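Encoded as structure tokens, the structure appears first; notes follow it.
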Amino acid sequence: MARHSAWRANPYNAYDMRMIVLSLCTAWLVGCATLPPASQPMVSAEELRISAAAYSRDGSTLWYVTGRETCELSAIALADRSTRSVLRLDWCPTRISPVDAESFVLTDGVRRGEWKRSDGTDVVAGSVLAASSATNYVRVDGERLIWVRDSKHRDIGVAGVVTRPTIVPATGDLFAVIHGDDGEHIERMTADGASIVGAAFPKIDSFDVAPRGEELVFSAIRDGNFDVAIASTDGKKVNWVPSDRADEVAVTWAPRGNKVSFLIRRPDTTLVRSVHVPTSFQLTFETPLEKVRALAWEPRAERLAMILDGPVVPPHVDSIEYSGANRESLVQPGRKLVREPERIAFGAADAILIPPRTVRYGEKVPLFVTLSDEPLAWDDASRDLDALGGGMLRLRPGDWAEGAPLAQVVTGFPWAGADQVVVIVESFEPASASPVPGAGQTLITTGTKLRRGRFFNESRLPSGGVMITAETWAGAMEYLKGRFQPK
């Protein structure tokens, strides 16, 4: 009777039960296989980079390009500061070169370019890298650069070997950087042939030709860093501008022809220097704790537009007199951090310290050490770490790997928790892990492929510290928010 009751309570025999369990397992496996991949961690919207800027020929408009992998060209009417979108691009140019009152060339100086009118339509279809008129321009044909001049087509070399072509309107001649076995040199091409301007250098950062085409200014590596020289375009005369210990880059020649300007990149500032060519008289001003990316002269050669950003201020564009006076904003930055950065000594190197916004008496907060090739620049870490409330210390990876005295530095910050030091590296390098001293400290690296659905991996270092490996910055932030974000 008891056996009969049990049978009535469970009407399925053993075979049926096995089949039910098998069916449920199969359905579970199929369901898991067809689930969508784990969603990516949420982070705040990225600020746009400003990759290029230029004044129109009449000085009434400033064009500028914003974006990251894709970009948008916008125009500011300087009379009333109204802004309009001109066109969207599926790439990001690094230079805008006005051709005439109605058109300009957008280019990366290597393989991509577009010659556009101010209404966004093409002047010449295809990839155009330089132009001075409808009968004188350089276009890309496959992997070759073709110079079209007076209906003649001349193959001037392979894209990537010949770079940054520039046509001088006054003469119609073409200048370009040529990459060879012995380094890089500038070449001048005319209707009759080509000639080398100056010697070869390990690397040429930039060059620009005077409006009349008789002289040019260039920045090249000499004695280990970038120096600036002014040379005749026939290659017979080269005069080096008195050099600085820091790199001198991003040269540009003023439209009126008697001034050149360039940037001097120091650890805690960018100097903007202008040289009056006939007299060699120099004027210099600085942008403390900001990095100037590029310069653009307005047509009267009295003011410069600067693309710049800093560790507490996103990318923006300012206008300033070449003497450094009367600075004003043309393109406003996004959300600026309410903090005051400062330069500090870090062993034999320099670092940028961004202290916490507020610290209560006796409180200990995290110290985020970010290792970056551009410590004097705005990046994702600047934006996202601000919400976590700690301090930030920014320096180059090489300065850290040479034995940074972190313990001594932390003792100088009464607000820094010794067990809340987080070192963040942009990409994983085994040597980067060894300098992280002491238990309780954390090393975060990005750029390592992880198993699907994981944002980060956690492990232990020989020192007793924690190592977090993330595939992306968003994954690293997922860990940091979980640990440090105020509840």
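Per-residue Karplus couplings for segment 147-160, computed as 6.51 cos²θ - 1.76 cosθ + 1.60 with θ equal to phi - 60°, are listed in order as 9, 9, 9, 6, 6, 9, 10, 10, 6, 9, x, 7, 4, x Hz, Gly and Pro entered as x. The relative contact order of segment 129-195 comes to 21 percent, based on Cα pairs under 8 Å that sit 6 or more residues apart. Using a cut-off of 9 Å between beta-carbons, work out the net charge of the residues near VAL251 (Lys and Arg +1, Asp and Glu -1, VAL251 not included). Once all neighbours under 9 Å are counted, the net charge is -3.
With θ taken as phi - 60° and the Karplus curve 6.51 cos²θ - 1.76 cosθ + 1.60 applied, the whole-hertz 3J(HN,Hα) list for segment 229-244 is 9, 10, 10, 6, 6, 8, x, 8, 9, 9, 10, 7, 6, x, 8, 10 Hz, x standing for glycine and proline. Global dimensions of segment 57-112 from alpha-carbon coordinates: Rg and Dmax equal 11.6, 36 Å. At 20 Å minimum axial length over the Cα atoms and a Kyte-Doolittle cut of 1.0, report the qualifying DSSP H helices in the chain, or say none. Helices passing the filter in the chain: 14-34.
Rounded to the nearest 20, the Cβ-based charge dipole of segment 48-194 about its Cα centre (Lys and Arg +1, Asp and Glu -1) stands at 340 debye. Here segment 73-168 has 48 percent of its accessible surface on carbon and sulfur atoms, given a 1.4 Å probe and all protein chains in place. Remark: spin-label model distance GLU102-GLU321 equals 3.7 nm, labels positioned 7 Å along the Cα→Cβ axis. Length available on full extension from ASP90 to ASN239: 0.36 nm per residue minus the Cα-Cα distance, which gives 49.5 nm.
Taking amide H positions as modeled 1.01 Å from N, with prolines and chain starts lacking one, the residues under 5 Å from ILE444 and 5 or more places away or on another chain are VAL423, ILE424, VAL425, ILE468.
Taking amide H atoms as placed 1.01 Å from N in the peptide plane, the amide H of ALA254 lies under 5 Å from those of LYS259, VAL260, SER261, each 5 or more residues away in sequence or on another chain. Split the accessible area of segment 306-430 by element, probe 1.4 Å, and carbon with sulfur accounts for 50%.
Compute the Cα gyration tensor for the chain, then decide on rounded, prolate or oblate, letting a ≥ b ≥ c be the square roots of its eigenvalues: rounded whenever a/c is under 1.5, prolate when a/b is larger than b/c in the other cases, and oblate in all that remain. Taking the square roots of the gyration eigenvalues as a ≥ b ≥ c, the chain is prolate. Residue separation of ILE221 and ARG483 scaled by 0.36 nm, minus their Cα-Cα distance, works out to 89.8 nm of gained length. Cα centroids of segment 124-159 and segment 367-425: 48 Å apart.
Here's how it looks for ALA159: its modeled amide H is under 5 Å from those of ARG144, LEU145, which are all 5 or more places away or on a different chain. For the chain, the mean residue ellipticity at 222 nm estimated from helices alone is -3500 deg cm²/dmol, where every DSSP H run of n ≥ 4 contributes -39500 (n - 2.57) and the total is divided by all residues, rounded to the nearest 500. The residues of the chain expose on average 49 square angstrom of accessible surface per residue, using a 1.4 Å probe on protein heavy atoms. Taking a sphere under 15 Å around the Cβ of LEU376 and counting the other residues whose Cβ falls inside, with K and R at +1 and D and E at -1, yields a net charge of -4. Using R0 = 22 Å, the C-beta based FRET efficiency linking ARG144 and VAL124 works out to 0.85. Extension gain, VAL158-ALA79: 0.36 nm per intervening residue step, less the Cα-Cα distance, totals 24.1 nm. Computed from the Cβ-Cβ distance with R0 of 35 Å, the FRET efficiency linking ALA199 to SER133 stands at 0.65. At an R0 of 60 angstrom, the distance between the Cβ atoms of LEU450 and ASP192 translates into a FRET efficiency of 0.50. With the contact rule set at Cα under 8 Å and sequence spacing of 6 or more, what percent relative contact order holds for the chain? The normalised contact order for the chain reaches 8 percent. Note on segment 210-249: dipole from Cβ charges, positive end direction compared against ILE221, SER243, PRO211; the farthest Cα belongs to PRO211. For trypsin sites (Lys or Arg not before Pro), the sites in segment 276-333 that DSSP calls loop and that have at most 16 other Cβ atoms within 10 Å are ARG300, ARG327.
The values are calculated or read from the model by the stated rules, or taken from the named source; none is laboratory data. Just so it is clear, the structure is predicted and the values come from calculations on it, not from any experiment. Note that each Cβ is placed from the backbone with ideal geometry, even for glycine, and that neighbours are counted across all protein chains shown. These area figures cover heavy atoms from the full protein model, side chains too; ligands, DNA and RNA do not enter into them. Shrake-Rupley method; radii C 1.70, N 1.55, O 1.52, S 1.80 Å.
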